[in-house]
1. The conditions are (1) outside any helix (DSSP H, G or I); (2) in contact with a strand residue (DSSP E or B) (Cβ under 6 Å, 6 or more places away or on another chain); (3) more than 16 Å from the ligand (Cβ to nearest atom), and Leu105 fails exactly one of them. Which is it?
2. Any residue in region 209-224 that is outside the structural domain of Ser145 (by TED's automatic domain parsing), of a type outside the set (Asp, Glu) and touching a Phe, Trp or Tyr at 6+ places or on another chain (Cβ under 6 Å)?
3. Considering region 21-48 alone, what residues qualify as being surrounded by 14 or more Cβ atoms within 10 Å (Cβ to Cβ), among the β-branched types (Val, Ile, Thr) and within 13 Å of Val72 (Cα to Cα)?
4. For region 96-148, name all the residues that are over 13 Å from the mean Cα position of the chain (by Cα) and of a type in the set (Ser, Thr, Tyr).
5. Here is a list: Ala205, Ala224. Which entry is of a type in the set (A, V, I, L, M, F, W, C), surrounded by 12 or more Cβ atoms within 10 Å (Cβ to Cβ), closer than 28 Å to Gly174 by Cβ and under 33 Å from the mean Cα position of the chain (by Cα)?
6. Select from region 159-210 the residues that are free of Cβ contacts under 8 Å to residues at least 12 places away in the same chain and basic (Lys, Arg) and list them in ascending order.
7. Output the qualifying pairs, or none if there are none: Cβ atoms under 8 angstrom, residues six or more apart or on different chains, first residue in region 30-44 and at negative phi and among the polar types (S, T, N, Q), second residue more than 8 Å from the ligand (Cβ to nearest atom) and not in a strand (DSSP E or B).
8. If I filter region 64-91 down to residues being part of a strand (DSSP E or B) and in contact with a Leu (Cβ under 9 Å, 6 or more places away or on another chain), which single residue comes out as nearest to the ligand (Cβ to nearest atom)?
Amino acid sequence: MQNQYIKEMLDLPELQIHQIVPMSADEVHIEVTPVTYKQDCPLCQSDECVIRKGNNHPRKVQHLPAFGKKVVLIVPTIRMHCSSCEIGFVWMYEFVGPKRRYSHLFRERAAEQAFSSTAAHSALMQQAPTSTVHRLHNDVVLVESERLSKQAWKQATESIGLVLGGDDFAIRKGHTYNTGIHDLKWETLLDLLSGRKLENLWAYAQWHPHFLQLEPKAVVMDLAKAYHTWISECFPKAIRIADRFHVHGYVIEALQEVRNAVQSTLSP
Ligand SMILES: [Zn+2]
């Protein structure tokens with residue numbers, strides 16, 4: 001069997017393939033070992049005094065599926081010993097975290113897929129339990145949302161001619177309102193703050209000094225007085241723009257009132 005091709009497909013350069021064992025119609029086990037014989041000691045960072053001390057029970061690590069089959073790597077747990085530091089350690093693999101049952105690539109792929117579909121669908125595609133994909137996805141969402149938030153703030157802070165948007169939105173069926181702060185040029189959400197009253201807005205600005213460091217050229221918002229007061233305090237130089245959606249709403253409302261008042265006095 002051309003293990004070399006399979007190795008290419010696995011995309012795990014640190015491993016060599018020894019045997020491919022079909023387990024069932026939809027599952028295959030691949031026995032692998034590290035390509036190198038020794039590994040640096042984690043203390044002295046050298047492999048000079050490192051020797052192998054035998055293997056513990058091998059690990060099963062699920063990797064990306066291939067040709068519709070679930071792929072499980074059978075990975076030796078190799079005990080190592082550094083005679084210079086007098087410590088023992090087990091072989092560290094790059095493709096999988098310690099004690100993890102899924103390879104890094106598998107985790108990434110499963111989480112990515114869950115982004116664009118559902119966890120159940122991703123689980124089906126990756127041949128893993130839905131609960132596992134859910135967990136992987138949640139892990140990634142946390143990291144990803146932090147990264148995107150950092151990126152959005154960086155863009156807003158460095159932006160020339162920054163235009164901010166502030167708007168409230170209802171949660172709990174309209175009983176509670178929160179405020180979203182957007183960078184309208186980059187079309188990103190910068191932050192969400194609870195409430196829409198002046199005291200909520202003040203509290204936000206007080207606890208988020210980087211917000212006050214922004215230099216917006218203009219701020220777009222509805223006609224709520226609290227927003228206008230708040231923004232004129234935070235960014236006295238910024239132009240305050242009443243957004244078209246709300247102005248439009250008020251114009252229509254006023255027009256209806258006039259129509260209601262005069263329609264009975266006019267001929268059909
Ligand atoms: Zn050592």
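1. Going through the list (1) outside any helix (DSSP H, G or I); (2) in contact with a strand residue (DSSP E or B) (Cβ under 6 Å, 6 or more places away or on another chain); (3) more than 16 Å from the ligand (Cβ to nearest atom), Leu105 breaks only (1).
2. In the first step, residues of region 209-224 are kept if they are outside the structural domain of Ser145 (by TED's automatic domain parsing); the result is 209-224.
Subsequent filtering for residues that are of a type outside the set (Asp, Glu) retains 209-214, 216-221, 223-224.
Restricting the remaining residues to those that are touching a Phe, Trp or Tyr at 6+ places or on another chain (Cβ under 6 Å) gives 216, 221.
Yes; the residues of region 209-224 include at least one that is outside the structural domain of Ser145 (by TED's automatic domain parsing), of a type outside the set (Asp, Glu) and touching a Phe, Trp or Tyr at 6+ places or on another chain (Cβ under 6 Å).
3. Correct list: Val28, Ile30, Val32.
4. Tyr102, Ser103, Ser117, Thr118, Ser122, Thr130, Ser131, Thr132
5. Details: Ala224 fails: under 33 Å from the mean Cα position of the chain (by Cα).
That would be Ala205, the only listed residue that is of a type in the set (A, V, I, L, M, F, W, C), surrounded by 12 or more Cβ atoms within 10 Å (Cβ to Cβ), closer than 28 Å to Gly174 by Cβ and under 33 Å from the mean Cα position of the chain (by Cα).
6. Passing the criteria: Arg172, Lys173.
7. Every condition considered, the pairs that remain are Thr36/Glu14; Gln39/Asp47; Gln39/Trp91; Gln39/Met92.
8. Of region 64-91, the ones part of a strand (DSSP E or B) are 64-66, 69-82, 87-90.
Right, trim to in contact with a Leu (Cβ under 9 Å, 6 or more places away or on another chain) and you get 64, 66, 71, 73, 75, 82, 87, 89.
Details: Leu64: 34, Ala66: 38, Val71: 34, Leu73: 28, Val75: 23, Cys82: 3, Ile87: 6, Phe89: 9 Å.
Among residues in region 64-91 that are part of a strand (DSSP E or B) and in contact with a Leu (Cβ under 9 Å, 6 or more places away or on another chain), the one nearest to the ligand (Cβ to nearest atom) is Cys82.
The values are calculated or read from the model by the stated rules, or taken from the named source; none is laboratory data. Everything quoted here is computed from the prediction, not taken from an experiment. No Cβ is skipped: glycine too gets one built from the backbone with ideal geometry, and neighbour counts run over all protein chains shown.
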